[in-house]
1. Hey, what do the phi angles of the range 30-35 turn into as Karplus ³J(HN,Hα) couplings, whole Hz, using 6.51/-1.76/1.60 and θ = phi - 60°, x for Gly and Pro?
2. I'd like the per residue volume of the convex hull spanned by the Cα atoms of the range 26-83, given in cubic angstrom.
3. What is the angle, in °, between the Cα long axis of helix 45-54 and the longest principal axis of the Cα atoms in the chain? Nearest 10 is fine, range 0 to 90.
4. Non-local amide H neighbours of His13 (under 5 Å, H modeled in plane, Pro and chain starts lacking H): which ones?
5. If a/c stays under 1.5 just call it rounded; otherwise compare a/b with b/c (prolate if a/b is bigger, oblate if not). Do that for the chain, with a ≥ b ≥ c from the square roots of the Cα gyration tensor eigenvalues.
6. Which order do the peptides 17-28, 81-92 take when ranked by the mean count of other beta-carbon atoms within 10 Å per residue, highest first?
7. Sort 45-55, 31-41, 70-80 by the packing proxy (mean of other Cβ within 10 Å over each peptide's residues), most packed first.
8. Against the longest principal axis of the chain, how steep is helix 74-83, in degrees 0 to 90 to the nearest 10, with axes from Cα atoms?
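Where a number appears in this text, it was derived from the coordinates with a stated rule and is not lab data. These numbers come from a predicted model, not from an experiment. As a convention, Cβ positions derive from the backbone with ideal geometry for all residues, glycine included, and neighbour counts pool all protein chains shown.
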Amino acid sequence: MHEEEDVPESVIHCWLCARPTGKTIVWHHPVPKSRGGRDVVPMHSICQQTLIANFTNSELQRLGTDIESLLADPAVRKFVDWVANKAPDFTATIAKKKR
């Protein structure tokens with residue numbers, strides 16, 4: 001008889017910051033549903049809030065799944081660098097961008 005090995009659960013990484021997700025996974029539409037988006041990607045809630053605070057639905061529709069363009073935005077880059085060493089279930093209030 002073989003002993004069962006402890007097989008770790010597969011780790012799901014956040015689409016934006018690439019950190020492992022925690023207990024809560026938000027399934028985000030890179031192209032907003034209101035703009036015809038159907039695909040979803042796993043994200044932390046705080047990462048989704050950051051995208052919503054920094055981009056309009058039109059901008060998100062145009063950028064789609066171009067993660068490099070999203071990360072090129074100075075505010076998003078600053079956020080991703082800041083959150084990089086936080087725990088998977090870390091949360092905080094994200095300030096809305098002034099438009």
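1. Residue by residue, the range 30-35 yields x, 9, x, 4, 5, 10 Hz.
2. Each residue corresponds to 72 Å³ of Cα convex hull volume.
3. Compared with the principal axis, the helix lies near 10 degrees.
4. Sorted by chain and number, the residues that satisfy this are Thr21.
5. Prolate, since a/c reaches 1.5 and a/b exceeds b/c.
6. In descending order of packing, they fall as 17-28, 81-92.
7. 45-55, 70-80, 31-41
8. 30
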